[in-house]
Number of protein chains: 2
Amino acid sequence: MNRVLYDLAGRDEAVRFSPYCWRIRMALAHKGLDVQAVPWRFTEKDRIAFAGSERVPVLVDGEVVVTDSMAIADYLEQRYPQQPLFDSPQARAHALFIRHWTETVLFPQITRQIIADLVLQLHPMDVPYFRSTREARLGMTLEAFSADREVHLPALRASLQPLRATLAGQAWLGGDGPSFADYIVFAAFQWARCGVGRSLLASDDPVAEWFERLLNRFDGLGAAAPCATPGPARA
Amino acid sequence: MNRVLYDLAGRDEAVRFSPYCWRIRMALAHKGLDVQAVPWRFTEKDRIAFAGSERVPVLVDGEVVVTDSMAIADYLEQRYPQQPLFDSPQARAHALFIRHWTETVLFPQITRQIIADLVLQLHPMDVPYFRSTREARLGMTLEAFSADREVHLPALRASLQPLRATLAGQAWLGGDGPSFADYIVFAAFQWARCGVGRSLLASDDPVAEWFERLLNRFDGLGAAAPCATPGPARA
């Protein structure tokens, strides 16, 4: 196997939590492609400098290097057209709305829920970098940003209404089968699940049932992934 | 021409403002299909009883009667496959997320912005029905619900971020050309524009530029549509 994905890891290198990398893990599995997902930490910029990127995912597929989760998805579609992630150009175009909804509506709310716990799971060498870059962005400490997270959880769950309503009428965002749009949204919840060991979904939420089905796809790729246990980091 | 759309009208029968009917007006134009859009008011249930529906849009296409905007879109796709509204099953599936986002995120916020003015534009026979059904749903008077609408306008505009981010990367939600998803979102803003004569978009918002392009499609079908003038109803 000559396919490597640089995949964000915690202090415990088995814990993989990037919502961008999880999209690609699922996309590769969707196409039946094996990959060696190697652990990478935030501050190991030098290890991916060859790719011209400071962030993961970075996919090395034989001689080809691709960065950025959407570009990787497009590359996989073109190179491995079997089991498409999108069944048409318009399906891809519409999925970009779902992607931007995920990144502009879900991500900020999930960040608030998990960031103060997530920093406890990082490799010690990553902590100063993570804290300083995120706190500059947030304009406050991670702990201050997350302080009243319980108050905000109902709003996060309410904001899932478009997802919930869509899944009331079809099994997957992609319709009869999952598309890359399913993996984009799945990866956001997997970020919380693996990164801090918490589900943000109410157990009776139909969205939780859909998430569970995705966890169990591909012989349980998502379900079997090691998760952080809440509290001080393991390993 | 033997194609009729029952289309919600105001006191001025030229003013058509239903966000469900506008989807179909645009879809018909997209396919190059003529239609006679006949005015219908909320309380004229008897006039559409033949269709087994109490709401518009109702499309009568020769011998065929179809209700519900999504069912009408599906019917048009099947009956008139030229210039498809969706280029694949997955494109339609993904569009349903955009539809539910429009209906669960945009509609409540637009309602707050316009409902107290919209009631002034209705045919007098519709006013008691409209007021009583909507006030029961809202749990307060239309005026109370809309009282602090200016305070809520920034949140409405902020909630357009997924739309704005998508349109930063492609000309239409459908990609290179508009899809039914574009018409679904367009119709929500056309509801405000025609119903109460107001744009809810900031003029420098890229979403406004996209909306303008849609207004000008089909020889300006949307742009030429008579709009209510704010304040007491005309005609």
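The values are calculated or read from the model by the stated rules, or taken from the named source; none is laboratory data. Because the structure is a prediction, the values reported are computed rather than measured. All Cβ positions, glycine included, derive from the backbone under ideal geometry; neighbour counts span all protein chains shown. When the accessible area is computed, the model is the full protein with side chains, heavy atoms only, and any ligands, DNA or RNA have been set aside. Shrake-Rupley method; radii C 1.70, N 1.55, O 1.52, S 1.80 Å.
Using a label point 7 angstrom from Cα along Cα-to-C-beta, what distances in nm, from shortest up, separate A:Phe218 from the other copies? Here A:Phe218 shows inter-copy label distances of 4.2 nm.
Spin-label pair A:Thr229-A:Leu120: with each label point 7 Å from Cα along the Cα-Cβ axis, the two points sit 1.2 nm from one another. For B:Val58, what residues show an amide H to amide H distance below 5 Å, using hydrogens built from the backbone and excluding near sequence neighbours? Counting only residues 5 or more places away or on other chains, the set is B:Tyr6. Per-residue shielding of A:100-108, expressed as the average number of other chain Cβ atoms within 10 Å of the residue Cβ, stands at 4. In this assembly of identical copies, the label point of A:Lys45 (Cα plus 7 Å along Cα-to-Cβ) is separated from its counterparts by 6.7 nm, sorted shortest first. Spatially, region A:153-172 and region B:1-37 are offset by 30 Å when compared through their Cα centroids. Annotation for A:Ser203, label-to-label distances across the other copies: 5.6 nm (shortest first, one decimal, point 7 Å from Cα along Cα→Cβ). Expressed as a whole percent, the accessible area of region A:16-62 that falls on carbon and sulfur atoms is 44 (1.4 Å probe). Computed from the Cβ-Cβ distance with R0 of 30 Å, the FRET efficiency linking A:Arg79 to A:Ser53 stands at 0.95.
Note on A:Asn2/A:Asn216: beta-carbon distance plugged into 1/(1 + (r/R0)^6) with R0 of 25 Å gives a FRET efficiency of 0.30. The residues of region A:165-184 listed by number as losing at least 10 Å² of accessible area in the complex, against the isolated chain and with a 1.4 Å probe, are A:Ala165, A:Thr166, A:Gln170, A:Leu173, A:Gly174, A:Ser179. Residues considered: A:Phe186, A:Phe97, A:Phe130. Largest GNM mean-square fluctuation over chain A, using C-alpha springs under 10 Å, is found at A:Phe97. Anisotropy class assigned to region B:89-224 is prolate, per the alpha carbon gyration tensor with a/c at or over the 1.5 cut-off and a/b larger than b/c.
Ellipticity at 222 nm from helices only: DSSP H runs of n ≥ 4 in the protein assembly as shown, each -39500 (n - 2.57), divided by the residue count, give -16000 deg cm²/dmol.
Take the alpha carbon gyration tensor of the protein assembly as shown, find the square roots of its eigenvalues, order them as a ≥ b ≥ c, and report rounded if a/c is under 1.5; if not, report prolate when a/b exceeds b/c, else oblate. Here the protein assembly as shown falls in the prolate category. Quick test of the membrane-span-like rule: which DSSP H helices of chain B reach at least 20 Å along their long axis (C-alpha atoms) with mean Kyte hydropathy at least 0.5? Those that clear 20 Å and a mean of 0.5 are B:180-196.
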